[in-house]
Amino acid sequence: MEAKKSNKNIFEAISVALVMVLLITASFFFYGRVIRENYYGTVGEFLGIFSNFGAAASAPLNLGKKVIILEGKATAKYFNKNTSEQFSIMWGNFLKQKNVVFDVVSQDDFANKNLDTYDILVLPFAVCLSDKDIAKIKEFASVENKGIILDGYTGARDENGKWREASFLSEIIGGYSIKEVKSEGGSGSTASIILDGNSLLSSNIAPGFRLEVNTYNAPLSAGIIEPRVEIDGYWEETPIVYKKKFSSSETGIVHGKYIGARFVWLGFTMGAVTGNLADQKAWKSLLDNIFNYVSSWPIVYKDRWPGGKKTAVLFAEDTEDKFENALNAAALFTEKNIPCTFFCVPELAKKYEKVFFSLYSRKNFEIGLHGIEVYQGQSLKTQEERLRAGKDTLEKIIGKNIRGFRPPLAVYDKNTVQALLKLNYDYIAGDDLKQASPETIIVKKNKGLSFGKNILFLTKFPKTSNDDYDILERYKMQDKAKMLELLKQDFDNIHKVGGLYYYSFHTQLMAEEEYVDVLAKFIDYVKEKDVWIATFSEANDWSVKWSLGMDISSAQVSPNRTSIKVTNNSFNNVENVKINMLLPPTKKLLKAFSERLGVSVLFSEGKDGKVVFDIQNIKSDESITFDVEYE
């Protein structure tokens, strides 16, 4: 009887286990389907991002770097008893995924710990430090080419929780006016950092990307005054279009040299970045770049804009009332020999056919659809009918595909997006006041689980500047000099972070003959800068290729060897791909090679340790791996 009872229990346990396995499998199957249909990326990226922060890794490699993490017990005692262990575990999991050797040291033992064998010191949320702790950190930093990663208000209090008169953090980062970042949402809300697209640490992240951070650990802002420190991210409290200037007094991420060590400071803690998939993907790239920097390892990246330009610029005219004024803009942009996109109302295009012909027949001009009726809140059927009719009308006239849509007042909803995707539009213009980079979303064409060419793309272009409606109607400006200065200010703000600058004007406003000279002077100002000026379709194609088409990853395989993997995720073969590598000042390139037959790796060396690799002929869905050695 006992044996039968035991067998029955075993059978029941196995049954329960099988049911659990089936439920979990079904959950992943279902969730994978939902993710595949709606989120920004691939399921592989989604799983890869999060597995990197907790999954078991292989044994550490001999990469020539050893890390020590300080577990700040004093901070835990006076703030949160779980913080020290929590952050140590998070950083440890990250280092496991990097295959890096590391140790965790208790604050009780830190001051007497021999740090000679360690290359990198991580100080997570180390608010409370003793004088001996600080002396130890300075001793570590005095050795050339060591690395330090710190976050929060490092050393602001002593080991007993009392505030120091002089800020140790200010000394490290060369800063001032360190203060808590306030969020309008109160407890449980988020704050945002605009990443500087020109920064080394933001490599392979969309320029001007807006990183959302939870505020539960009171993130900090710091002013930076010393030239030895470079800014990587600015706290953003207002929409970009209304922000006067990205200021060095509002920084949230910086890097530089402290005594002899390389350091990176984050104004927020590990784990504070929101769970949004786009944020997590950017955070992973940021972390990789941070660690490579403090390790004096190369950073591998792709150009943010074509030709390595600093900023992308889009000009667009909304052809509404006084349609004939479009000729003023057409003449100006033809004279300046730069691209412009004209978003046209179909009824007006038919009414003013000669004027419209002068737009679509000229070189460097693109035609897009401009909605005249409100879309937001309308049914999917209604929006689809409007978008189809407008697209068909314009395409019949110009004989070309209409790829983009500009909604009236730049407002729309999920039905608009669904209709645009169904009708094979490529982009929507004027969306989002929050970031300075385009965003390409992916949606499935059907409900099946296969990928391939069933995927549809839609790129959302943000409004990143005041337009002529703001200038002439909202602000009631009359002084042309002040108009020009505002335009320059908006452009300079986006140019500073290397993002996408988009200026929209109207036939009934700045295209009026009396204001064209303001636009002309502004164009001249922009052309003098390091910019790529494009139509929306050109910017869309680049954005899709950059964010979804060509993927680049790198891994350190030995102290003087980096492995680089290039994957072509697009549906087309690519003849050549240029990959950049920035070597630390102490390194010299020896060779680049691939063990795969028929793959040649061409490269050229530039200034300041920059190397450009030219990879030939990558087929669709193909990956090529090559190694780079240096000394």
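The values are calculated or read from the model by the stated rules, or taken from the named source; none is laboratory data. Only a predicted model underlies this, so the values are computations on that prediction, with no experimental measurement involved. Heads up, the Cβs are rebuilt from the backbone with ideal geometry, glycines too, and the neighbour counts pull from every protein chain shown. Ligands, DNA and RNA are stripped out before the accessible areas are found, and what is left, the full protein with its side chains, is counted by its heavy atoms. Shrake-Rupley method; radii C 1.70, N 1.55, O 1.52, S 1.80 Å.
For this structure, a couple of remarks:
- Simple rule: put +1 on each Lys or Arg Cβ and -1 on each Asp or Glu Cβ in the range 348-391, find the dipole, and look at Leu380, Ile367, Phe357; the Cα lying farthest toward the positive end is Phe357.
- Relative contact order of the chain, taken over Cα pairs closer than 8 Å and 6 or more residues apart, is 12 percent.
- Spin-label model, Asn93/Ile552: points 7 Å from Cα along the beta carbon direction are separated by 2.9 nm.
- Carbon plus sulfur fraction of accessible area for the range 478-567, probe 1.4 Å, in percent: 46
- Once C-alpha pairs closer than 8 Å and six or more residues apart are averaged by separation and normalised to the residue number of the range 359-513, the relative contact order reads 18 percent.
- Area of Val143 that stays accessible when all protein chains are in place (1.4 Å probe, Å², to 10): 70
- Debye intensity ratio in log₁₀ form over the Cα atoms of the chain, taken at each q of 0.06, 0.07, 0.12 Å⁻¹: -0.38, -0.52, -1.31
- Whole-Hz couplings from phi, Karplus 6.51/-1.76/1.60, listed for the range 248-257; x for Gly and Pro: 5, 8, 10, 7, x, 9, 9, 9, x, 10
- In terms of distances greater than 29 angstrom between alpha carbons, the cross-link table entries Lys96/Lys619; Lys245/Lys588; Lys527/Lys591; Lys179/Lys302; Lys322/Lys521; Lys281/Lys309 yield Lys96/Lys619; Lys245/Lys588; Lys527/Lys591; Lys179/Lys302.
- Glu514 versus Thr117: modelled label distance in nm, points set 7 Å from Cα along the beta carbon direction: 7.9
- Along principal axes, Cα extents of the range 322-425, largest first, whole Å: 42, 24, 24
- Taking the Cα centre of the chain as origin and assigning +1 to Lys and Arg Cβ atoms and -1 to Asp and Glu Cβ atoms, the resulting dipole is close to 1400 debye.
- FRET efficiency, Asn617 to Lys527 (Cβ-Cβ, R0 35 Å, nearest 0.05): 0.50
- Listed peptides 499-505, 326-332 by packing density, highest first (mean Cβ within 10 Å): 499-505, 326-332
- Local electrostatic count, Arg474, Cβ distance below 11 Å [Lys/Arg +1, Asp/Glu -1]: -3
- Here r is the Cβ-Cβ distance between Ser130 and Glu85 and R0 is 22 Å; the resulting FRET efficiency, rounded to 0.05, is 0.70.
- Residue order for Lys463, Lys565 - accessible surface, 1.4 angstrom probe, largest first: Lys565, Lys463
- Using a cut-off of 30 Å between Cα atoms, the listed pairs Lys66/Lys162; Lys351/Lys422; Lys381/Lys463; Lys363/Lys476; Lys460/Lys607 include Lys66/Lys162; Lys363/Lys476; Lys460/Lys607 as exceeding that distance.
- Per residue solvent-accessible surface (Å²) - the chain, probe of 1.4 Å: 45
- Atom-type composition of the exposed protein surface of the range 57-213 places 46 percent of the accessible area on carbon and sulfur (1.4 angstrom probe).
- Applied to the range 493-507, the Karplus parametrisation 6.51 cos²θ - 1.76 cosθ + 1.60 on θ = phi - 60° returns per-residue 3J(HN,Hα) values of 4, 6, 4, 4, 9, x, x, 9, 9, 10, 10, 10, 9, 10, 4 Hz, with x for Gly and Pro.
- Principal axis box of the range 78-169, alpha-carbon based, largest edge first, Å: 39, 31, 20
- Net charge dipole, the range 481-631: roughly 700 debye, given to the nearest 20, about the Cα centre with Cβ charges of +1 for Lys and Arg and -1 for Asp and Glu.
- Here the spin labels are modelled as points 7 Å beyond Cα on the Cα-Cβ line, and at Arg164 and Lys350 they lie 7.4 nm apart.
- Over 22 Å [Cα-Cα, the range 412-558], rounded percent: 52
- Taking Cα centre as origin and charging only the Cβ of basic (Lys, Arg, +1) and acidic (Asp, Glu, -1) residues, the dipole magnitude of the range 322-469 rounds to 540 debye.
- Here's the picture: charge each Lys and Arg Cβ at +1 and each Asp and Glu Cβ at -1 in the range 522-561, and of Ile523, Ala539, Ala555 the one pushed furthest to the positive end of that dipole is Ala555.
- Within the chain, percent of DSSP bridges classed antiparallel, to nearest 5: 60
- Which of Leu602, Leu456 is most accessible, then next, and so on - probe 1.4 Å: Leu602, Leu456
- Scaling the Cα radius of gyration of the range 460-517 by the globular reference 2.2 N^0.38 Å produces a ratio of 1.14.
- FRET efficiency estimate (nearest 0.05) - Cβ-Cβ, Asn337 to Thr567, R0 41 angstrom: 0.65
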